[in-house]
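The values are calculated or read from the model by the stated rules, or taken from the named source; none is laboratory data. Being a predicted model, the structure only gives us computed values, none of them experimental. Cβ coordinates were reconstructed from backbone atoms using ideal geometry, including for glycine residues, and neighbour counts include every protein chain displayed. Just the protein is used for accessible areas: all its heavy atoms, side chains included, with ligands, DNA and RNA removed. Shrake-Rupley method; radii C 1.70, N 1.55, O 1.52, S 1.80 Å.
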Amino acid sequence: MEATVHVKFFCGPATWYITEFDGKDTFFGWCDLGHGPGMAELGYVSKSELESLRMRASVASIGVERDLHFTPQTLEDCINKNA
């Protein structure tokens with residue numbers, strides 16, 4: 001829980017707090033797909049998978065975005081702020 005989250009990605013209700021990146025295609029971090037309390041988990045997600053995800057928003061389709069205003073903080077702080 002003391003790992004530093006360096007990057008936050010989001011798409012609709014889904015959020016990914018990234019603590020590690022292999023420099024190629026694999027991220028590691030807290031993945032919350034917006035399915036409610038207790039459903040989020042630590043795990044791996046590929047960069048290419050995030051880039052391919054699309055969510056329908058009324059008449060448009062949106063992709064995963066990087067939070068450009070995110071400030072690095074501990075994983076515990078990120079989870080607690082969104083609990």
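Details
- Carbon/sulfur fraction of accessible area - the chain, other protein chains in place, 1.4 Å, %: 53
- Phe27, Phe21, ranked by accessible area, largest first (probe 1.4 Å): Phe21, Phe27
- Residues with amide H under 5 Å from that of Leu33, placed H, sequence gap 5 or more: Thr15
- Using C-alpha pairs under 8 Å with a sequence gap of at least 6, the mean separation divided by the residue count of the range 6-83 gives a relative contact order of 29 percent.
- Counted residue by residue at 0.36 nm each, then reduced by the alpha carbon distance between them, the extension gain from Glu76 to His35 reaches 12.8 nm.
- Candidates per trypsin sites (Lys or Arg not before Pro) in the range 8-83, loop by DSSP, up to 10 other Cβ within 10 Å: Lys24
- In this structure, Glu20 and His69 have a Cβ-Cβ separation that, at R0 = 30 Å, corresponds to a calculated FRET efficiency of about 0.90.
- Between the beta carbons of Ile62 and Ala3, assuming R0 = 22 Å, the FRET efficiency works out to 0.20 to the nearest 0.05.
- CD proxy at 222 nm, helix term only [per DSSP H run n ≥ 4: -39500 (n - 2.57); per residue of the chain; nearest 500]: -3500 deg cm²/dmol
- Rg to Rh, two decimals, where the chain supplies the alpha carbon set and Rh follows Kirkwood: 0.95
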